[in-house]
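Student: Let me begin by handing over the structure; questions about it come next.
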Amino acid sequence: MQTHFLDLNQLNDDEIMELIRLAIQYRDGKLVQLKRPVYFANMFYENSTRTHTSFEMAERKLGITPINIDPKNSSVQKGETLSDTVKTLQAIGTDGVVIRHKTTGWYEPLIDDERIHTSLVNAGDGSGQHPSQSLLDLLTIYDEFKKFKGLKIAIVGDLLHSRVARSNAEILKRLGAKLYFAGPDEWYPSDFDNFGEFTNIDTIVGKVDVMMMLRVQLERLNEDARESFTAVEYANIFGLTEERGSKMKKKAIIMHPAPVNRNIEIADSLVEAPQSRIFRQMQNGVFARMAILTSILKSKDLIAEDEYEDIN
Amino acid sequence: MQTHFLDLNQLNDDEIMELIRLAIQYRDGKLVQLKRPVYFANMFYENSTRTHTSFEMAERKLGITPINIDPKNSSVQKGETLSDTVKTLQAIGTDGVVIRHKTTGWYEPLIDDERIHTSLVNAGDGSGQHPSQSLLDLLTIYDEFKKFKGLKIAIVGDLLHSRVARSNAEILKRLGAKLYFAGPDEWYPSDFDNFGEFTNIDTIVGKVDVMMMLRVQLERLNEDARESFTAVEYANIFGLTEERGSKMKKKAIIMHPAPVNRNIEIADSLVEAPQSRIFRQMQNGVFARMAILTSILKSKDLIAEDEYEDIN
Amino acid sequence: MQTHFLDLNQLNDDEIMELIRLAIQYRDGKLVQLKRPVYFANMFYENSTRTHTSFEMAERKLGITPINIDPKNSSVQKGETLSDTVKTLQAIGTDGVVIRHKTTGWYEPLIDDERIHTSLVNAGDGSGQHPSQSLLDLLTIYDEFKKFKGLKIAIVGDLLHSRVARSNAEILKRLGAKLYFAGPDEWYPSDFDNFGEFTNIDTIVGKVDVMMMLRVQLERLNEDARESFTAVEYANIFGLTEERGSKMKKKAIIMHPAPVNRNIEIADSLVEAPQSRIFRQMQNGVFARMAILTSILKSKDLIAEDEYEDIN
């Protein structure tokens with residue numbers, strides 16, 4: 001039971017499996033009752049419709065009242081520290097605060113401050129973690145294979161700048177998957193050798209159970225960027241083209257955190273192909289976040305005992 | 001029963017009259033119960049407080065939970081297609097999406113995509129339609145005259161750039177009204193000859209039942225615009241001045257989609273004069289939109305059978 | 001019973017005390033039932049997360065549905081007057097409108113317009129009033145001393161540009177407090193002589209019951225500003241340093257409207273020191289605003305008779 005939800009690596013295997021099972025229960029129609037009105041603030045200092053809307057939907061489905069705060073209209077502009085902003089939201093009566101912030105580990109100065117008792121939820125921190133995305137990825141893989149141990153999983157693309165690549169690599173290795181990495185050399189962080197094997201997409205595309213493609217930030221492919229390839233070259237050398245897709249194992253799946261740059265990371269025709277779980281990932285995102293928020297609600301004793309099942 | 005609501009011209013006369021009657025029932029206090037929680041996203045790619053707030057109020061009055069999404073903070077900025085954005089909102093669990101977009105017919109590529117089953121509501125598309133505005137205009141006229149057949153209606157002003165002028169001209173002609181148009185020659189689309197007669201405001205102001213004035217986009221009257229008249233000249237030649245207002249038939253009404261440029265399209269003193277229905281139009285907007293959303297809810301079987309009347 | 005809430009000075013002493021008592025009841029768990037769904041629009045033309053979020057929370061705790069409108073996306077950009085915007089929100093069905101606007105007395109042209117019957121709540125007008133902030137300050141002082149008469153209160157800092165300084169000075173003097181002012185000469189409005197004595201912080205810090213520090217707008221301390229002091233000099237000459245804090249009376253309290261510029265107006269270590277009521281003020285803000293909104297709901301007969309107490 002977590003007061004905060006900041007980094008999936010702080011959970012042990014059982015705790016992660018419990019969240020996955022809880023998410024599946026919510027997807028199957030589980031409902032909960034809150035003991036009193038509960039308020040969560042959502043503050044996204046970096047734009048993210050997808051994650052923001054997914055958290056808001058998860059909150060609403062649990063009966064939590066979301067308070068959306070646009071940091072562009074906020075006191076942050078007046079030089080207030082994140083700590084003071086969080087304490088303000090706490091004073092106003094929020095039970096939790098979902099934050100995405102460009103500072104890696106934005107939450108670290110806050111969790112040691114005993115005056116903060118509102119719950120902190122990390123919706124992405126700088127080049128750090130994106131734990132709710134990791135959990136929905138795990139849920140999507142588990143849906144398919146009912147296990148992690150022994151699965152062969154490729155993570156392909158911009159490993160260096162991707163929050164979710166690092167989270168997923170650490171967790172999946174811990175859970176027993178065998179990992180392969182591919183993508184441009186200049187985007188490979190050498191410490192990923194601890195989690196798996198750096199190879200190339202053509203070597204592994206026919207062998208793995210999961211092709212987890214990462215988003216390319218297009219501005220990195222501009223002419224004035226320092227990269228040694230264009231968007232077309234990226235697609236040809238590192239992307240999941242139709243031809244490569246045709247070499248995948250029959251039961252292998254395609255994943256991507258979205259939004260997809262169609263025909264760059266993945267061929268347009270593969271995005272919604274039968275092997276693709278990309279929109280399934282988004283759907284799972286709401287249920288994964290419901291499980292995360294539930295662990296916080298439980299830690300605060302805010303869920304009524306007599307839970308009941310949905311009739312829908 | 002409509003899964004989408006995109007263009008009023010796709011409805012037959014009976015369907016339009018049913019929406020008008022339903023809107024009147026809501027205004028009289030009708031309430032409905034939803035079978036389960038229903039979520040609609042509101043995405044306005046072009047600013048429109050009035051339409052956005054009106055849709056949000058209609059949703060809330062029906063018990064629908066609105067999810068407001070500001071496209072300026074969205075993945076659209078990351079190059080995502082509208083189709084992928086809509087599919088994302090669908091995956092996250094929205095039952096419908098209300099969209100205003102600068103692209104005429106933004107919905108056309110989407111309605112043929114069988115993977116999209118979330119309902120699409122057109123809140124204004126480029127130089128195309130503004131069907132919810134048309135419906136509220138029809139409701140406001142019907143309130144007054146209990147019929148359309150034989151009514152004489154003038155539509156005056158910037159016919160070329162007005163979404164609602166075209167929607168209304170097509171529908172009102174079909175419903176049996178006799179239409180007159182006035183305004184600058186350069187803002188008269190010649191195909192409007194199919195719907196009515198192009199004349200000048202002084203010829204018709206004393207004859208018609210409805211003076212429907214259109215909004216002028218002020219930037220078109222700037223010095224560096226190519227128009228041949230200034231704001232003051234526009235008011236004198238094409239506007240509903242006090243003097244012209246005094247020549248209106250006793251039971252004739254003034255309409256305008258708002259926001260009004262007071263003393264340009266309409267004399268300040270006429271905006272809230274007894275003949276004006278401008279704020280009545282805004283009030284009707286909420287009920288017209290409740291009727292529109294109800295047609296979608298019905299098509300998805302989301303309304304409980306035992307509807308009951310409001311006691312207020 | 002107020003239809004609008006615009007300026008605390010329009011209330012008599014009994015009415016103010018009734019609001020304070022009502023706020024305390026809400027803090028103690030009082031709940032109310034509304035007779036029908038009630039909608040309030042929140043329009044903040046100037047950024048203010050704190051006040052906006054506090055009003056939204058107050059609305060939600062009372063069961064009012066907030067409709068948040070971002071004026072940056074609004075028809076205001078199309079040149080609509082504030083009066084027409086308010087009448088639009090009224091037509092759409094809002095029972096009240098909470099507005100912050102840069103125009104001092106923005107509400108004056110509206111309250112004489114008999115067509116406006118939606119309730120207006122002033123969340124800060126130009127260099128005018130900030131009555132909900134004043135009320136929460138009064139509540140915070142009353143919590144501590146159970147009276148105003150005879151209290152010695154210092155208001156220190158930028159008296160010239162602070163909305164709340166003027167509101168508080170007028171009200172606190174009327175309620176019987178003895179006021180002292182300190183801060184830069186150039187920021188002292190000479191008519192404050194009517195409310196209390198202009199002196200310096202070192203003379204009064206050991207004598208008063210309340211040190212009410214005002215926010216400095218940092219841009220006034222820029223090199224190109226005309227002020228005769230830097231941020232560091234401001235802290236040394238006018239700020240509540242640790243040394244000055246140590247001279248305060250044992251039961252005296254520190255207040256600040258927040259956000260605080262730590263180490264400018266107040267030493268970092270004092271912001272959350274035992275004497276500080278700064279976060280308590282924010283907490284009280286929600287309950288003070290609940291009391292304000294309740295006075296409006298009562299004036300419109302929107303509260304059900306059989307109120308009941310919270311069991312939490």
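Student: Collect the residues in the stretch C:1-36 that are touching a residue at least 24 places away in the same chain (Cβ under 8 Å), farther than 30 Å from C:Asp84 by Cβ and among the hydrophobic types (A, V, I, L, M, F, W, C), keeping them in residue-number order.
Tutor: Selection gives C:Ile16, C:Leu19, C:Ile20, C:Leu22, C:Ala23, C:Ile24, C:Leu31, C:Val32.
Student: Another question, if that's okay. Restricting to the stretch B:20-48, count the residues that are closer than 23 Å to B:Thr140 by Cβ and in contact with a Leu (Cβ under 6 Å, 6 or more places away or on another chain).
Tutor: 2
Let's see how each residue does on (1) out of contact with any Pro (no Cβ under 7 Å at 6 or more places or on another chain); (2) without any contact (Cβ under 8 Å) to a residue 24 or more places away in the chain:
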position	(1), (2)
B:Val38	yes, no
B:Glu59	no, no
B:Ile67	yes, no
B:Gly79	yes, yes
B:Gly93	yes, no
B:Val98	yes, no
B:Trp106	yes, no
B:Arg115	yes, no
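Student: List the pairs whose first member sits in the stretch B:222-238 and is over 15 Å from B:Asp185 (Cβ atoms), whose second member is modelled with pLDDT of 85 or more, and whose Cβ atoms are under 7 Å apart, counting only residues at least 6 apart or on separate chains?
Tutor: Once the first residue is over 15 Å from B:Asp185 (Cβ atoms) and sits in the stretch B:222-238, its partners that are modelled with pLDDT of 85 or more give B:Ala231/B:Ile264; B:Ala235/B:Thr241; B:Ala235/B:Asn263; B:Ala235/B:Ile264.
Student: Before we move on, is B:Leu136 closer than 30 Å to C:Val38 by Cβ, touching a Lys or Arg at 6+ places or on another chain (Cβ under 9 Å) and not assigned by TED's automatic domain parsing to the domain that holds B:Lys298? It would help to see each step written out before you state the result.
Tutor: Working: closer than 30 Å to C:Val38 by Cβ: yes; touching a Lys or Arg at 6+ places or on another chain (Cβ under 9 Å): yes; not assigned by TED's automatic domain parsing to the domain that holds B:Lys298: yes.
Spelling it out, B:Leu136 is indeed closer than 30 Å to C:Val38 by Cβ, touching a Lys or Arg at 6+ places or on another chain (Cβ under 9 Å) and not assigned by TED's automatic domain parsing to the domain that holds B:Lys298.
Student: So, one more: With respect to A:Arg50, is the statement that it is buried (at least 16 other Cβ atoms within 10 Å of the Cβ), on the phi < 0 side of the Ramachandran plot and away from chain C (no Cβ under 13 Å) true?
Tutor: yes
Student: Restricting to helices (runs of 4 or more DSSP H) lying wholly in the stretch C:242-311: which have 2 or more residues that are more than 14 Å from every other protein chain (Cβ to nearest Cβ)? Break it down stepwise before answering.
Tutor: Working: elements: C:242-246, C:268-271, C:278-299.
The qualifying helices (runs of 4 or more DSSP H) are C:242-246, C:278-299.
Student: Of all residues being hydrophobic (A, V, I, L, M, F, W, C) and closer than 17 Å to B:Gly105 by Cα in the stretch B:163-173, which is surrounded by the fewest Cβ atoms within 10 Å (Cβ to Cβ)? Just the residue, please.
Tutor: From the stretch B:163-173, those hydrophobic (A, V, I, L, M, F, W, C) are B:164-165, B:169, B:171-172; that's our starting set.
So of that shortlist, the ones also closer than 17 Å to B:Gly105 by Cα come out as B:164-165.
Values: B:Val164: 21, B:Ala165: 26.
Taking the candidates together, the pick is B:Val164.
Student: Let me ask another. Name every residue in the stretch A:125-138 that is modelled with pLDDT of 95 or more and small (Gly, Ala, Ser), in order of residue number.
Tutor: Within the stretch A:125-138, A:Ser132, A:Ser134 meet the criteria.
Student: Counting only residues that are assigned to a loop (DSSP other than H, G, I, E, B) and in contact (Cβ under 8 Å) with a residue 24 or more places away in the chain, how many does the stretch A:40-57 have? Walk me through it before giving the result.
Tutor: Residues of the stretch A:40-57 assigned to a loop (DSSP other than H, G, I, E, B): A:45-48.
Keeping just the survivors that are in contact (Cβ under 8 Å) with a residue 24 or more places away in the chain gives A:45-46, A:48.
Of the residues in the stretch A:40-57, 3 are assigned to a loop (DSSP other than H, G, I, E, B) and in contact (Cβ under 8 Å) with a residue 24 or more places away in the chain.
Student: Being part of a helix (DSSP H, G or I) and not hydrophobic (A, V, I, L, M, F, W, C) is the filter here; which residues of the stretch A:183-223 pass it? Talk me through it step by step, then tell me what you get.
Tutor: From the stretch A:183-223, those part of a helix (DSSP H, G or I) are A:185-187, A:190-194, A:201-204, A:218-221; that's our starting set.
Answer for the stretch A:183-223, where residues must be part of a helix (DSSP H, G or I) and not hydrophobic (A, V, I, L, M, F, W, C): A:Asp185, A:Glu186, A:Ser190, A:Asp191, A:Asp193, A:Asn194, A:Asp202, A:Thr203, A:Glu219, A:Arg220.
Student: I'd like the full set of residues that are small (Gly, Ala, Ser), under 14 Å from B:Leu151 (Cα atoms) and surrounded by 13 or more Cβ atoms within 10 Å (Cβ to Cβ), limited to the stretch B:174-208. Steps first, answer last, please.
Tutor: At the first step, the residues of the stretch B:174-208 found to be small (Gly, Ala, Ser) are B:176-177, B:182-183, B:190, B:196, B:206.
Then keep just the ones that are under 14 Å from B:Leu151 (Cα atoms); that gives B:176-177, B:196, B:206.
B:Ala177, B:Gly196, listed by residue number.
Student: Picking from B:Val205, B:Val164, which residue would you name as being modelled with pLDDT under 95 and either of a type in the set (A, V, I, L, M, F, W, C) or out of contact with any Phe, Trp or Tyr (no Cβ under 9 Å at 6 or more places or on another chain) (or both)? Break it down stepwise before answering.
Tutor: Working: B:Val205 fails: modelled with pLDDT under 95.
From the options B:Val205, B:Val164, the qualifying one is B:Val164.
Student: For the stretch A:1-45, which residues satisfy the criterion of being under 30 Å from A:Asp70 (Cβ atoms), polar (S, T, N, Q) and modelled with pLDDT under 95?
Tutor: Correct list: A:Gln2, A:Thr3, A:Gln10.
Student: Examine the stretch C:277-291 for a residue that is among the charged types (D, E, K, R) and surrounded by fewer than 17 Cβ atoms within 10 Å (Cβ to Cβ), and state whether such a residue exists. Reasoning before the result, please.
Tutor: Of all residues in the stretch C:277-291, those among the charged types (D, E, K, R) come to C:277, C:280, C:289.
Subset that is surrounded by fewer than 17 Cβ atoms within 10 Å (Cβ to Cβ): none.
The answer is no, given that none of the residues of the stretch C:277-291 is among the charged types (D, E, K, R) and surrounded by fewer than 17 Cβ atoms within 10 Å (Cβ to Cβ).
The values are calculated or read from the model by the stated rules, or taken from the named source; none is laboratory data. A quick note: this is a predicted structure, and the numbers were derived from the prediction, not measured. Ideal geometry is used to build each Cβ from the backbone, glycine not excepted, and the neighbour counts take in all protein chains shown.
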